[in-house]
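Before any comments, here is the structure.
Computed from the coordinates by the stated procedures, all read-outs in this text should not be read as laboratory data. The structure displayed is predicted, hence computed values, not measured ones. When we count neighbours, we look across all protein chains shown, and the Cβ atoms used for this are built from the backbone with ideal geometry, even at glycine.
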Amino acid sequence: MPKLEGSILTPTGWCRGRIRFDARIRAIEGTPGEPEAPYILPGFVDLHLHGGGGADVMEGEEGVRRAAGFHARHGTTSMLATTVTAAPEELETALRGIARAMAAPDPESTRILGVHLEGPFLSPEALGAQPPCTLAPDPDLVARLAAIAPLRVATVAPEIDPEGVLRTAFGRCGTRLQIGHTRCSYARAKAALAAGYAGFTHLFNAMSGCAHRGPGAAAAALAHGEWAEIIPDLRHVDVGMILAARRAIPGLYGVTDAVAAAGMADGPYRLGPHAIEKCGDCVRLADGTLAGSVLTMDRALRNLVAIGLPLEEACRRLSTLPADYLGLADVGRLAVGAAADLLELDADLRLRGVWIGGRRIDPAAPDAEE
């Protein structure tokens, strides 16, 4: 039976010893102690991922597989394949590709948990880099999409659904609704939370903000939110706002919002129908709007530690909390009986090994840009 030795991050804290596993974790042996390298961490869980390694999940099965393979080598062991706003037939095609990749998973790729439907039920006034293909509430479309692939999360602008039609439709599918791409007021966002919306999509980005006399969705998140995703690439959100959200929102967790350009050379790429340009650690539309990110979860971990989070907390916000948000008890944590999704990191928090369901995957080479 394989084993790893080092400082193991368990749900109750650090244990210095060894972890034994096959497809699942069978034993954790050792004693509590201050951590030192090598660090053994739970695999990352990314609930907002559009692509990477030159591939976009909207391209269909092959794009989904390529993106999942790329992110596995950066420590992401579970993910939600995330769509962009598109015409219904394009969304149906994309979800068929996601469903096929889920039905016959690649053993050396990130585990695909389902779909994060980002649109088409967004505010036309808060598109960010989303294509201008928004739709009015359509419960029949929701049902058709849910019949193709599991809709685990959906981003909706509450102001486009004042009657709660979408809330009811997604509720039938067991989908967690998130407030995002919205210009709604603080009061409307607060009411949406009370009505059953669970969280916020890429907090602070493409949403009404925190003006002290005209608060919007972001202010409601800080005042009332239990869960929110945030992009810790240190480009989408200022460090001070990340730290403020950390104090205010118990279930703040990190996502990459990565697009096809992640891991690729500078140059032109696609995000749905949009032409985007990668330059260094940013990707933008022609008008300069940020268009997703080129973040990977291993880099997100280093970023969070660099801004002051303890390693234990930074990891929890990239693994355990997103798993908890989806109600998953067997991923995102190192505990006996959980899936053997493990990461081994050196003293510089660089990946030395990735295991998904007990199968080892060689990590990507260190990023020369850092």
Worksheet item: All other residues with a Cβ under 14 Å from the Cβ of GLU61 taken together, and with Lys, Arg as +1 and Asp, Glu as -1, what is their net charge?
Response: -1
Practice prompt. Go ahead and estimate [θ] at 222 nm for the chain from helices alone: -39,500 (n - 2.57) per DSSP H run with n ≥ 4, summed, over the residue count, rounded to 500.
Written response: -7500 deg cm²/dmol
Worksheet, complete the sentence: Given backbone amide H placed at 1.01 Å from N, residues whose amide H is under 5 Å from that of MET207, ignoring those fewer than 5 places away on the same chain, are THR182
Worksheet entry | Residue-count net charge about VAL165 - beta-carbon cut-off 12 Å; Lys, Arg +1, Asp, Glu -1 | -2
Item to complete: Starting with the fewest neighbours, write out ARG144, ARG247 ranked by other beta-carbon atoms found within 10 Å of each beta-carbon.
Response: ARG247, ARG144
Response to the item:
Rounded to one decimal in nm, the spacing of the 7 Å Cα→Cβ label points at ALA195 and ARG350 is 5.1
Worksheet entry | Residues listed by number, the range 54-68, amide nitrogen under 18 Å from ALA87 label point at 7 Å toward C-beta | 58-60
Worksheet item: Based on the inverse mean of 1/r over its pairs of different Cα atoms, what is the Kirkwood hydrodynamic radius of the range 43-331, in Å?
Response: 18.4
Worksheet, complete the sentence: Taking 127-140, 183-196, 254-267 and ranking on average Cβ neighbours within 10 Å, highest first, one gets 254-267, 183-196, 127-140
Worksheet item: Taking amide H positions as placed 1.01 Å from N in the peptide plane, with prolines and chain starts having none, which residues 5 or more places from ILE249, or on another chain, fall under 5 Å of its amide H?
Response: none
Item to complete: Considering only DSSP beta bridges where both residues belong to the chain, give the percentage that are antiparallel (nearest 5).
Response: 60
Worksheet item: Would you list HIS236, HIS274, HIS181 from fewest to most Cβ contacts within 10 Å?
Response: HIS274, HIS236, HIS181
